[in-house]
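Q: Here it is, the structure in full.
The values are calculated or read from the model by the stated rules, or taken from the named source; none is laboratory data. Just so you know, these numbers come straight off a predicted model, no measurement behind them. Please note: Cβ atoms are built from the backbone with ideal geometry, for glycine as well, and neighbour counts cover all protein chains shown.
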Amino acid sequence: MSAQIPGSRSGAASSSKPLLELRGVTAAYGGIQVLHGVDLEVPEGAVLALLGPNGAGKTTTISVACGLMEPTAGKVYMAGADVTGVGAEELARRGVVTVPEGKGIFPNLTVKENLLMATYAGVDMDHVEAVAYEQFPRLGERRTQVAGTLSGGEQQMLAMARGLAVNPAVLLLDELSMGLAPLVVEELYGIVARIARTGTSILVVEQFARTVLGVADLAAVMVNGRVRAVGRPSEIENELSAAYFGV
């Protein structure tokens, strides 16, 4: 399922060519089926928001897309290549980077030591710090501070900075707004929009739809492990209402 967006941000999503694609994906935890034939495309240079209520299957979709979970059926493609069953480490080397729900930082390490972890992907530390502090100047001011003492928003920035340091082709963001104040969320999504303008494709999972629709080129509505609709944010209002309010 795909959509084209005439006149969208910098021509994003104007091509039907997907960089990341799930076709007919099913997934289960034990005997409990969670995803039921998910079709999803993230076009090159576009922001796709995956929306839906809690328990819809959004995080499971991200887990399949980044190689943390193998689908029970269906295929995953990266730049047209079949990567079904390829592990998260190999997909990361191919440019699929995930910022998980809960930030995923090392709270007992400093900001700089957290960034050092990105060098294990073969990236020079000078480059890691340059990218991090250019995108998130606040981190430069706190480079020697223990990460666990940062504010929630700053910890999320650190997790994003570490992911961006390896120049991802696709950035997967899971519940970016979780536990953060509205003003902080607004700031973070402003940064997401800026990252997207550099050409990075972004799949962002959100329970709170309105926080992400302002920066999304496309939005997909997921309910009960199925994608109900994909389109421009303005085109999916009815599906969003049905998903969240049952109307």
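Q: Filter region 206-226 down to residues that are in a strand (DSSP E or B) and more than 18 Å from GLU175 (Cβ to Cβ) and give me whichever is farthest from the chain's Cα centre (by Cα).
A: ARG226
Q: Moving to a separate point now. Among the strands (runs of 3 or more DSSP E) contained in region 24-133, which hold 2 or more residues that are over 29 Å from SER241 (Cβ atoms) and modelled with pLDDT of 95 or more?
A: Per the criteria, 73-78.
Residue-wise test of (1) over 23 Å from ALA88 (Cα atoms); (2) of a type in the set (S, T, N, Q).
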| residue | (1), (2) |
| --- | --- |
| LEU172 | no, no |
| SER177 | yes, yes |
| VAL185 | yes, no |
| VAL192 | no, no |
| GLN207 | yes, yes |
| VAL212 | yes, no |
| GLY231 | yes, no |
| ILE236 | yes, no |
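Q: Give region 71-98 a look and list any residue that's in contact with a helix residue (DSSP H, G or I) (Cβ under 8 Å, 6 or more places away or on another chain) and touching a residue at least 40 places away in the same chain (Cβ under 8 Å), or say none.
A: PRO71, VAL76, MET78, ALA92, VAL96, VAL97, THR98
Q: Given the conditions (1) at pLDDT below 95; (2) in contact with a Leu (Cβ under 9 Å, 6 or more places away or on another chain), and given that SER15 satisfies all but one, which numbered condition is not satisfied?
A: Here SER15 meets the rest and fails (2).
Q: OK, next. Scan region 173-219 for residues that are out of contact with any Phe, Trp or Tyr (no Cβ under 8 Å at 6 or more places or on another chain), surrounded by 15 or more Cβ atoms within 10 Å (Cβ to Cβ) and of a type in the set (S, T, N, Q) and jot them down.
A: Within region 173-219, THR200, SER201, GLN207 qualify.
Q: For GLY163, are the conditions met, namely being farther than 13 Å from VAL99 by Cβ and in contact (Cβ under 8 Å) with a residue 24 or more places away in the chain?
A: In short, no.
Q: Which condition number in (1) surrounded by 15 or more Cβ atoms within 10 Å (Cβ to Cβ); (2) out of contact with any strand residue (DSSP E or B) (no Cβ under 9 Å at 6 or more places or on another chain); (3) assigned to a helix (DSSP H, G or I) is the one that GLY148 fails?
A: Result: GLY148 passes all but (1).
Q: If you take the residues in region 172-228 that are of a type in the set (Asp, Glu) and in contact (Cβ under 8 Å) with a residue 40 or more places away in the chain, which one is nearest to GLY45 (Cα to Cα)?
A: Going through the qualifying residues, I end up with ASP217.
Q: All but one of (1) closer than 18 Å to LEU19 by Cβ; (2) in contact with a Gly (Cβ under 8 Å, 6 or more places away or on another chain) hold for LYS58; which doesn't?
A: (1)
Q: Also, quick follow-up: With the structure loaded, tell me whether GLY152 is at positive phi and either modelled with pLDDT of 90 or more or out of contact with any Phe, Trp or Tyr (no Cβ under 6 Å at 6 or more places or on another chain) (or both) or whether it fails that test.
A: no
Q: How many of the residues making up region 97-136 are under 23 Å from LEU19 (Cβ atoms), over 20 Å from the mean Cα position of the chain (by Cα) and buried (at least 20 other Cβ atoms within 10 Å of the Cβ)?
A: 0
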